[in-house]
Amino acid sequence: MKIFPRTLVVRLSCAIVLATLFFGGLPIAGAEAPPTGAALPDNPFPASPTFTLLSGLTTNVILPSLSGFSSNLTLLARAVDKFVEAQDTNALRAARESWKAANSAWRLTESFQLSLDGELSLASRVSSWPIRPASVQALLNGSKPINDALLTDEVGVSVLGLGTVEWLLFAPLGEDARVVAMFQGVGGARRRAYLSALTRDLLRTMTAIQAAYTSGDNDFRARFAVGGQDSLNTLVNRIIEALEVGVVQRLQRIADLQAANRLSPEVFEGGISSTSQRDALQVLRGAQLLFQGGQGPGLGDFLRLRSAPIADQVMDSFSQTTAAVDGIGTDIASALKSKPAAVNHAISMARSLEVLLKVDVISALGLNLTFSGNDSD
């Protein structure tokens, strides 16, 4: 699915302060979801139910979560700057923890990376898989100066984003001293420049994404709520896509690699940072949050107007699936060795939730299933 407008491809030199001014007063989601559990009236949709739902989700879920990611990116950039200056193990470990927090905050947003016009996505500049280590190394070995202009104008997403930052900070796995050494001295100058330029590119991209939601003719908030059934259809299909790709396929791929004796940290997303389970859990939590609604009514409340039994079933399935994925307790590769039954149970629960959304929820809400994926049913 394509998400953000082509007109916002990141040549922006827009200052991050603009986004900070607008989003500064919103809750910081970070790696956690915005708060939930606000008391709702007996009828949370007294008039214009679809408008009320979509407007509330934008205010209570989508914008605060994007703000949380933006805040975590700022912290990542600071940690990278400190590591580039210090070039020691402690600074490396701090930068890694900041990367994990930013990556986790991004995963939370995967169910609501939306657009209404189907134009080119900026999201792939933030996170794209797989990265191309050979292309990254070729850039490091090259002669062109590594600066903002190079990343903006001359390279593709396979050498940008959180995945490339992960590769620079974590690979080779388990060899912290060697990672630090690659950033040190004259020989590490291009690597230091590359890592710093990557975080600046992430910040500029996030400013552009926030602009797509808040400003001018591309104002997401001004169009999403009035889109009615079309916007609802886009949102629910995006949730289904995020769950299938970000949870079901993520877990199943790692299990399949293990079964084929081809599992190594470099061949699956989150492998070298040991974040595969955390990534899947955050995607799931982001989808669940849309049904819960944050501080206002959510998709679960809206669904209850059409079918209370299906609404109850969906909310129970989210709770059970979240508990199953959380219960894995460690990265998926390690869990497949120590407690494979927990991974298989999580996959089964996630598939059941996906089918419930594809069949029962789509039908109850009168929507069209536009994401086919690898149908689990």
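Can you spot a residue in the range 265-276 that is in a helix (DSSP H, G or I) and under 26 Å from Val236 (Cα atoms)?
Taking every residue of the range 265-276 in turn, at least one turns out to be in a helix (DSSP H, G or I) and under 26 Å from Val236 (Cα atoms).
Quick one: count up the residues across the range 209-232 that are of a type in the set (A, V, I, L, M, F, W, C), modelled with pLDDT under 80 and within 11 Å of Leu114 (Cα to Cα).
2
Can you tell me which residues in the range 120-152 are under 17 Å from Ala208 (Cβ atoms) and without any contact (Cβ under 8 Å) to a residue 24 or more places away in the chain?
Hit for the range 120-152 is Ala149, nothing else.
Tell me the residue from Ser158, Ser143 that is of a type in the set (Ser, Thr, Tyr), out of contact with any His (no Cβ under 6 Å at 6 or more places or on another chain) and closer than 24 Å to Pro265 by Cα, please.
The conditions single out Ser158.
Residue pairs, Cβ under 9 Å, 6 or more apart or interchain, first in the range 280-299 and more than 14 Å from Thr322 (Cα to Cα), second in a loop (DSSP other than H, G, I, E, B) and among the β-branched types (Val, Ile, Thr). List them.
Partner pairs satisfying both residue conditions: Gly293/Thr36; Gly294/Thr36; Gln295/Thr36; Gly298/Thr36.
With Thr152, Thr89 as the choices, which residue is among the hydroxyl-bearing types (Ser, Thr, Tyr), over 25 Å from Gly246 (Cα atoms) and at pLDDT 95 or above?
Thr89
Kindly indicate whether Ala193 is aliphatic (A, V, I, L, M), surrounded by fewer than 22 Cβ atoms within 10 Å (Cβ to Cβ), touching a helix residue (DSSP H, G or I) at 6+ places or on another chain (Cβ under 6 Å) and in a helix (DSSP H, G or I).
Judged against the criteria, Ala193 is not a match.
Which residue, of Thr199, Thr152, is within 24 Å of the chain's Cα centre (by Cα) and either under 14 Å from Trp99 (Cβ atoms) or of a type in the set (Lys, Arg) (or both)?
Only one candidate passes the filter, namely Thr199.
Listed here are the residues, each with its yes/no results for (1) modelled with pLDDT of 95 or more; (2) on the phi < 0 side of the Ramachandran plot; (3) more than 12 Å from the chain's Cα centre (by Cα).
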| residue | (1), (2), (3) |
| --- | --- |
| Gly246 | yes, yes, no |
| Pro265 | no, yes, yes |
| Phe268 | no, yes, yes |
| Ser276 | yes, yes, yes |
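Evaluate the following for Ala280: is it farther than 16 Å from Ile328 by Cβ and in a helix (DSSP H, G or I)?
Judged against the criteria, Ala280 is not a match.
Have a look at Met182, Met206 and point out the one that is without any contact (Cβ under 8 Å) to a residue 24 or more places away in the chain, in contact with a helix residue (DSSP H, G or I) (Cβ under 7 Å, 6 or more places away or on another chain) and of a type in the set (A, V, I, L, M, F, W, C).
Met182
Just checking: which of the helices (runs of 4 or more DSSP H) contained wholly in the range 296-374 hold 1 or more residues that are acidic (Asp, Glu)?
299-306, 308-328, 340-356
Mind telling me which of the residues Phe302, Phe291, Phe268 ends up being over 23 Å from Ile62 (Cα atoms) and either among the hydrophobic types (A, V, I, L, M, F, W, C) or touching a strand residue (DSSP E or B) at 6+ places or on another chain (Cβ under 8 Å) (or both)?
Answer to the selection: Phe268.
The values are calculated or read from the model by the stated rules, or taken from the named source; none is laboratory data. Everything numeric here is computed off the predicted structure, so don't read it as measured data. Note that each Cβ is placed from the backbone with ideal geometry, even for glycine, and that neighbours are counted across all protein chains shown.
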